[in-house]
Each structure stands twice: as structure tokens, then as C-alpha cells.
Amino acid sequence: MAPCPALHATHGGIWIARGNEVRAITRGEAIALTAETPTILLNAPAMATRLGYGELSGLDLLELFAFVHPATFAVPTPAGLARALGLPPPTDDTAAARFMAQAADAMLATLEDPNWAAREGAWTSAQTLLRLRWPWAQMVAPRIAKPERAERWLFSRLPEWQDAPPRPAPRTLVLSDTETQSELARLVGQRAEPREGQRAYAAAAARAFDPRIAEGRPNMLLAEAGTGIGKTLGYLAPSGLWSRQADGAVWISTYTKALQRQLDGETKRLFPDPAERRRRVVVRKGRENYLCLLNLEDALQGGFQNRAAILAHLVARWAAVSRDGDMVGGDLPGWLPTLFRRAGSTALTDRRGECVYAGCPHYRRCFIERASRASEGADIVVANHALTMILANRHGPQDRPIGRIVFDEGHHLFDAADSTFAAALTGQEAIELRRWIMGPEGKSRGRRRGLAARLMDVASYDEGGAVAIDEALAAAALLPSDGWLGRLGEGLPLGPVEALLSAVRATVYARASAADAGYGLETEAAELDPALIEAATPAMQAIEGLVRPFMRLRQRLEAVIEDAPDWLDAPARARVEGAIHGLAHRTGMMGAWVALLARIGGPVDADFVDWLAVDRVEGREFDIGLHRHWLDPTRPLAETVLKPAHGVIVTSATLRGQESWDAADARTGVNHLDHPPMRFAAPSPFAYADQAEVLVVTDIKRGDMPALAGAYARLIEASGGGALGLFTAVQRLRVVHARIADRLAREGLPLYAQHVDPMDTGTLVDIFRDDPHASLLGTDALRDGVDVPGSSLRLVVMEGVPWPRPTVLHAARKAAGGGAAFDDRTIRARLAQAFGRLIRRADDQGMFVMLSAAMPSRLLDAFPPGVPIRRLPLDEAVQRVAERLSSAAAFGHQAREQEEQA
């Protein structure tokens, strides 16, 4: 690799390496070099951001890694890549520049290794990538020996899923305390004894698996387990024990993908044997998370062009060895799609619900179908709150209620229910419905995926079904079509629904204020203009005209299932059942639209909050519509999810926070059950008073961006990195990052940021966790979706009090929930969640800094009792951070060095 120079860039400088010679160069030299010479890079989009340049091309090491080692984890930094390749990590930027050619040589050498695990299919893929002019192809293709026989096509290499008989109802049994504690001890292992709090937690969790005493009365446990109790193993012990003895499934539901991935890892304790674990543990997500093999085939056969086509071939390499085809949080490297600016990555998943089910040639190998069927026979299903609620709410011929559920991250149950049971009649939702019915339109290359194509055999068999399909196609023509947003901007809507959306847009802009410029706009659905009221009726009639054939078609399909004609084999049955579920879901959605439109101009429904919105990003419109949320979304949660279940555990480290159980009851649906829940609470075993400290900085004025940026820089310098900076506004995050990134880099302190660095959040957290010197800036997604134990996270800095956004929905709930007290509960919960990122182990040390003199004293009880809280100026805060965290930083660096040496 000596002829190719290697370019390494950080906020602290740019280095070019040629052989063993390394020198610093200017930004202009770096840009000119990449334009003229094939240059080795690491994460080209991130480097382009560092150089302030639109787009760089070159020999990206991450692309080569994805080809050579598909489905293999690697942190996308020089040190992270070195560890993934088994090479010594570089110790400074000069060494990092020199290392890049070494990494390329190591990966290219692997191609000639006869024991290379990913050899199958590599020769064929390399030849195609050579024709696509992939930058690495000229070096990769000659090193891969041509196989003696033609390589199997990707799709023939994937295993087929097998049909299985329906699972019988689980056996009735009661777990004894003795066997629960024995199982917990097995999971914890010989090196550690279960803590008393963990033992008590497991015993309480076991009672949720007892036989319920009456229909609609689940064994409900609310369990607050402070950080460090070990609640994951505490509920996995009775879950695994019950599922094994009763032959039933336990659904463990999370709110964040980070915890879903963590839980998947913890189940190795339940089933150490990998083969058994694959059978008994299934990670379940929504369809849009999984690779669609039909979409991939389209992409590989010419549907994708240029860089997107290269991405498709690298994804195909991954698909051949992936555990479950999960493209979002699974074993696909999170950084891979971002290398291509997400060119085509979303088109490789089923985001439009256009699946043709058994009509797909890859149906028997489909990742989505495999996960769905595997979950039916699994002992443990790891899902997310939204999917758990959706599946629990399904009512089809083959559906059975989810019997035992553990809702981890239970403090988010209210928010998840709020999203799941909401309704939104928007242009984007309506056009997706049209595409689901009619299939791709215009110049789309996609194969026909409309309702008629999916149900062709049903239409030929059942005359009533054929008529209903034709009526649905005719009614769908009244929905918004491609180009609707542009037509609304020009005041030229087509059809009754577009006319309604045009009236919504006019009303929202008429009521918006100048202060809203650049942001999304919304207004209450109250005292509406006559034009909007008049537009609601024909739009409602158009939607009702679609509901009727949907209902008739669903009835005809259920009759086909019942009659079971000769052509209805297992794949055809699955396709018909899929259509039934799709029709049921969309009929329910349209029913909510009709109810929303019926309310326009009429009396207010006290159970709901309705508003109109124009969604925008930096002033650019991307959606328009009407929205409806339950004032209390735990009502439908209780009716559709909790009451049909036999046992439910809702657990979190901050389920109550510093509030009473009444607050937890109100946010988990307990208030809508006719019997009280079981309750359990165990405080954290951590000595927070000794391990942590809270500082409220009193001399940073609100809105003073130079002072805010300076405060972040000084605090991060004082801690030596390891800082998580939390912002309540993306714009302020970007300004602070732009002001301080270079300064910190010159001190050897890398700074990463959401909404700035072209990487997904999971990858940013991986980089942050991997480097004790690094710091990370982010927004709400990082407030409680990050688990970074040890010194890599030793400082949390919040730029302001996390007040709720003053939306129409928030105003309604605030009025119903006690006014200012409602806001205080919300803020305390957010502060507790943010503080919870800090101390994750018994030997952690950390500091929490609030950069707001306006921090109300009444909210300080959000932090654990006994934690020292001080109000002081920035200079003193910086000194306190330096004194307290310098030893923690040194310990973390020493631990990392020892790990690397080992």
C-alpha cells in the first residue's frame, strides 16, 4: 500500500502519511490531494465534515472492512479499527496516519488467507464491484482466487425458515422463591453473589408469573430498582425459569435500541450455548428495521446506481452472514449506511408496507418472516414498547394475546403509548396508504406491489373479493399523489384530501407568529375557519369511501381462510393473513381519521387533544396535517395491552423518581385497572454522596452563546474528556460544537456531536465509550439511552433546565395534570434520567453540572438523597471538576492501556 498516501484529520489538524513519513498539511492541500490521488481515508463523510468540504472520495478503510469482515463490530476510529483487526492501536495522530496503510495491508492480506471466513461469494462480488468502479476493487479483485465452481447466489445461501405447529397454551404453575433464587444465582455466576436487593427484586418479579385470578385482572407489578440493583438479571431469572417450565413465551420490552441490544447480550447467561440461544431468544422489531430481500435483489440487478449500488453489494455481503437481517441496531455496522450518506439504505427495508408476502421469491428466506415465526416458538422475545403494543392490539384469526410482558424502561411507557395510540391525518400518511393500495406509480422501477397484485389469486377465486379490491383502487385515487406538497405550496390541490390539507396549511400560517420562523408550526383545532370546516366533509367522505371496501375485503379474506380452497397452501395462507392484518391496521387508522374529521367544527371531545401542524426542518416543509392524541394514552394501553395479559412487570430505575407511587400509577395504566398492583422498590446500593456531586453554575447568562461554549470547553478540559453534554435545542448544540471542537482537539480531547457528525447515534456512543479522552454532545436521545460505565463517562453537563416544549399537547396535559406541578414532575424525571447516566458501577466517580442560574431549588430533589449540591460560579466549578475527576480520568486511561496490552 506504500504508493497510496493516507490522510488522517481531526479538529486538531490534518496529517498525510507516505510510507513511514508523516507530516502535517493544510486543509487546502488535503482537499487537493483527495481530488488528484487515490488516498486512504477512514470514514470519508466524517473527514469531509472535519475539512468543511462537501464530499470526499477515496479508499475508505471502513468500506474495505465491511467487505472483508461483514457483520463484525468495529468502532470507526483508528484505535477501534486496530482492535478489531488485532493490531496495536496508534497512540497519537501521527501514529494514526501511519497506521492506516498498515490496516489496509492487513485486510488485503486476509483476502489471500485460505481460512478467511467470509470467502464464499467474495469473488463474484469483487468482480461486480470492479465494474461499478468501487475504489478498492482494483486492489481487492486480484487477491481473491477464482473458485473452481460458480459461487452460489446470495439468496440461495440463506437458510429457509420452517413452519411449526401452533404453540399450546403454557402450563399453569407457581414459581417458588427457592427455585427463583437458585436460578438467579446461576445467572449471576460463581464470581459474584446476588445482592440482597436483587434477590428481593427477583422474588417480587416471580409473582407476576403466578396464574391470574380472573380475566382482565393481570398480575401487575410496578418495580423501581435503583441503578446497581441488577434488575435485568432480577427479572430474567423468573422469566427464563417460567418459560422453561411452563413452555410459554415472555416478552421483554424496551424503549431504546441500546437496551434492546444490551438485553440480547444478557440472555447469553440464560442460554450459554449459541445454537440453543438462537432457538430460544428472538429479537423482534418493526418491519422497517429489517433488510427486505426483494428490495435488495432489485438494487443488485440495477435498481441502484453509482454509490448506492456499491452500498447494496456491501449490504449483500453482510446479509449472507447476518444473524437476523436487522439493519438498525443489529449486526449491520451502524456506520456503514452513513458512509454513503444513507444513499439507498432506507430503500432496502420495507418502509411502505408493500410486502407481497408469499408472492415474493425470497419469502421462505425472509428475515422478517423468520423473526416473526421464531418469536412464536421462542422462550424470550426482546421487543420494543411500540411493537409490543401494536402486536398486543392485533385481532386476527391466528392472534393470541401476549401473556407475560416485562416493560423495562417503564418510565417511558406513557410516551410509547402516546405515540402508538395517536392518529395523524397528514400528507405523508395518506400518500403511503395510496401506495400500499395502488403500488408504485409514475416512473418507479419497483415491481407491482399494489393490493391487486398481492391478492391476484383471491380475486380470481372470490368474486366479492375482486369487487372490493376494484372499489378500493377507485377510492384510493382520491388520496394525495406524488407532488402533493408542491401543489399545496402553489395553492393547486388535487382531490378532497389535498384540499383539506391546503386549508390546514392556510390556517396554521394565519395563526403562526414571527417567532416561529424556521421551525415547525402548529395551532389548536379550535375556532376553525369556515373554509377548513367545509373542506373536512368531502375529505371524510373520501376516506369513508375507502373504509367500506376495506371492511368487505377483510370479510372475504377471512371467509377464504375458513373455506381453505385447494390453492391455499401455507405460503398463500400466510399472504392472506398478512393482508388481513394490513387491512385491519389501516381500517383502524382511517377510522381514527374519520373521527378526527367529524370533530372539525363540532364539540370538543375531552378525551382527546387535536391540533393542526405544518412540519418543517430549517424552514422547509415536509408534512402537513391534523393530529389527535389521547389526553391520557394509558387508557387504551390498559384496555388493549394490560388487561388481556396474564402478568405484567413495569420496571425502571426512575419509575417513581422522587414522587409517590400515585405518579407511577398514573403513567403506567394502573389507574384504569379494577385492582391494585403489586409494588416493589429497592434503592440503589451506590454511595452517591461519595461518588457524585451536582454543581449549579450561577454566572452563565441565558442566551450568551460565547459564554456557554466557553463553559463547556473549560469543563471538558478540566475533566480530561469523558463528558456527555446535553442540550435542549439542536441549534445551540451546533453553535457550541463549532466554537470549541478545534480548541479541545488541540488538547487531545476529541469532541463528537449528534446532528453534526455524519454518524448514527449508536456509532457515536460506541466511539465515546471506546475513548476515555472523548466527549459527546447530544439531545434527548442521549439523556437516558446511553449506558457507558466506567471513566469514559465521568461528567454530565446540561446547558439548561429541560423545560417541556410549549406545544398544544403539552398545554392540554399541563392543564389537566395540575399546572406547574405537572411540569415539575416532567423536569424531575428528565434530570433523574440524565444523572442516571453518570454512576453505573460501584467504582464510578462523576459530576453533574447544570449551566443555568435559573435552576429552581424545588427541582433539586430529582437527584439521589445525600448527593452534595452546590451553587457556584464557573471558575469554582471548573476547579471542582479538575480536583475530583483528574484521578478518575487517570484511572480510566490506565485501565484502557492495561486492556490493550492484554
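The values are calculated or read from the model by the stated rules, or taken from the named source; none is laboratory data. A quick note: this is a predicted structure, and the numbers were derived from the prediction, not measured. All Cβ positions, even for glycine, are placed from backbone atoms using ideal geometry, and neighbour counts span all protein chains on display.
Overview of results
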read-out	value
Close pairs from segment 693-714: first assigned to a helix (DSSP H, G or I), partner at pLDDT 95 or above and polar (S, T, N, Q), Cβ under 9 Å, at least 6 apart	Y712/S775
Set G228, G248, G265, G240: member being closer than 30 Å to P864 by Cα and surrounded by 18 or more Cβ atoms within 10 Å (Cβ to Cβ)	G228
Only one of R143, R152 that is surrounded by fewer than 17 Cβ atoms within 10 Å (Cβ to Cβ), of a type in the set (D, E, K, R) and at pLDDT 95 or above	R143
Close pairs (8 angstrom Cβ cut-off, 6 or more residues apart or separate chains): closer than 30 Å to G13 by Cα in segment 97-117, surrounded by fewer than 22 Cβ atoms within 10 Å (Cβ to Cβ) and basic (K, R) anywhere	L108/R143
Of all residues making up segment 488-504, the number that are at pLDDT 95 or above and of a type in the set (D, E, K, R)	1
Tabulated pairs, segment 356-370, first touching a residue at least 40 places away in the same chain (Cβ under 8 Å) and under 20 Å from S322 (Cα atoms), second part of a helix (DSSP H, G or I) and basic (K, R), C-beta under 6 angstrom, 6+ apart or interchain	I368/R287
Among residues of segment 335-364, those that are at pLDDT below 90, of a type outside the set (K, R) and assigned to a loop (DSSP other than H, G, I, E, B), counted	11
Some residue of segment 734-753 being in a loop (DSSP other than H, G, I, E, B), assigned by TED's automatic domain parsing to the domain that holds M850 and among the acidic types (D, E)	yes
Selection count where residues are among the small types (G, A, S), under 27 Å from the mean Cα position of the chain (by Cα) and in a loop (DSSP other than H, G, I, E, B), scope segment 635-660	3
Residue list for segment 586-610, restricted to those being closer than 30 Å to M438 by Cβ and either without any contact (Cβ under 8 Å) to a residue 40 or more places away in the chain or among the aromatic types (F, W, Y) (or both)	G588, W593
Restricting segment 32-78 to residues that are under 18 Å from G334 (Cα atoms) and of a type in the set (D, E), the residue that is farthest from the chain's Cα centre (by Cα)	D60
Close pairs from segment 10-29: first outside the structural domain of I740 (by TED's automatic domain parsing) and farther than 10 Å from A97 by Cβ, partner of a type in the set (A, V, I, L, M) and not in a strand (DSSP E or B), Cβ under 6 Å, at least 6 apart	T10/A745; H11/A741; H11/A745; G12/A745; G19/A2; R27/L51
Strands (runs of 3 or more DSSP E) contained entirely in segment 376-428, each with at least 2 residues that are at pLDDT 95 or above and more than 27 Å from D607 (Cβ to Cβ)	380-384, 404-407
In segment 161-206, the residues that are touching a residue at least 40 places away in the same chain (Cβ under 8 Å), surrounded by 12 or more Cβ atoms within 10 Å (Cβ to Cβ), within 33 Å of the chain's Cα centre (by Cα) and part of a loop (DSSP other than H, G, I, E, B)	W161, R167, P170, R195
Residue match in segment 661-676 (condition: of a type in the set (S, T, N, Q) and within 31 Å of the chain's Cα centre (by Cα))	yes
Lone qualifier among L521, L455 - being hydrophobic (A, V, I, L, M, F, W, C) and farther than 16 Å from A613 by Cβ	L455
Complete set of residues in segment 677-692 that are in a helix (DSSP H, G or I) and small (G, A, S)	A689
Some residue of segment 782-794 being at pLDDT 90 or above and either assigned by TED's automatic domain parsing to the domain that holds A842 or surrounded by fewer than 16 Cβ atoms within 10 Å (Cβ to Cβ) (or both)	yes
Residues of segment 12-24 classified as buried (at least 17 other Cβ atoms within 10 Å of the Cβ) and not aromatic (F, W, Y), total	6
Within segment 278-302, tally of residues that are crowded, with 19+ Cβ neighbours inside 10 Å and not in a strand (DSSP E or B)	12
Hey, R152 free of Cβ contacts under 8 Å to residues at least 60 places away in the same chain, farther than 30 Å from A574 by Cα and not hydroxyl-bearing (S, T, Y) or not	no
Wholly enclosed helices (runs of 4 or more DSSP H) of segment 482-584 bearing at least 3 residues in contact (Cβ under 8 Å) with a residue 60 or more places away in the chain and buried (at least 20 other Cβ atoms within 10 Å of the Cβ)	495-511, 530-563
Verdict on L583 being within 32 Å of the chain's Cα centre (by Cα) and either over 30 Å from A164 (Cα atoms) or basic (K, R) (or both)	no
Neighbours by Cβ (under 7 Å, 6+ apart or cross-chain): first from segment 63-75, on the phi > 0 side of the Ramachandran plot; second among the aromatic types (F, W, Y)	A71/W318
Strands (runs of 3 or more DSSP E) wholly inside segment 775-869 that include at least 3 residues being under 27 Å from P758 (Cβ atoms)	775-778, 795-798
Any chance P211 is surrounded by fewer than 22 Cβ atoms within 10 Å (Cβ to Cβ), out of contact with any strand residue (DSSP E or B) (no Cβ under 9 Å at 6 or more places or on another chain), closer than 29 Å to T420 by Cα and not small (G, A, S)	no
Checking M798 against (1) buried (at least 22 other Cβ atoms within 10 Å of the Cβ); (2) within 19 Å of the chain's Cα centre (by Cα); (3) closer than 21 Å to R714 by Cα, the condition it does not meet	(2)
Residue satisfying condition, being out of contact with any strand residue (DSSP E or B) (no Cβ under 6 Å at 6 or more places or on another chain), among the charged types (D, E, K, R), in a loop (DSSP other than H, G, I, E, B) and under 16 Å from D415 (Cβ atoms), within set D632, D605	D632
Of all residues in segment 14-37 being part of a loop (DSSP other than H, G, I, E, B) and modelled with pLDDT of 90 or more, the one that is farthest from D92 (Cα to Cα)	T26
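A quick yes/no check of all residues on (1) closer than 23 Å to A417 by Cα; (2) in contact with a Leu (Cβ under 9 Å, 6 or more places away or on another chain); (3) part of a loop (DSSP other than H, G, I, E, B):
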position	(1), (2), (3)
R217	yes, yes, yes
A223	yes, yes, no
G228	no, no, yes
S239	no, yes, no
W242	no, yes, no
L259	yes, no, no
L270	no, yes, yes
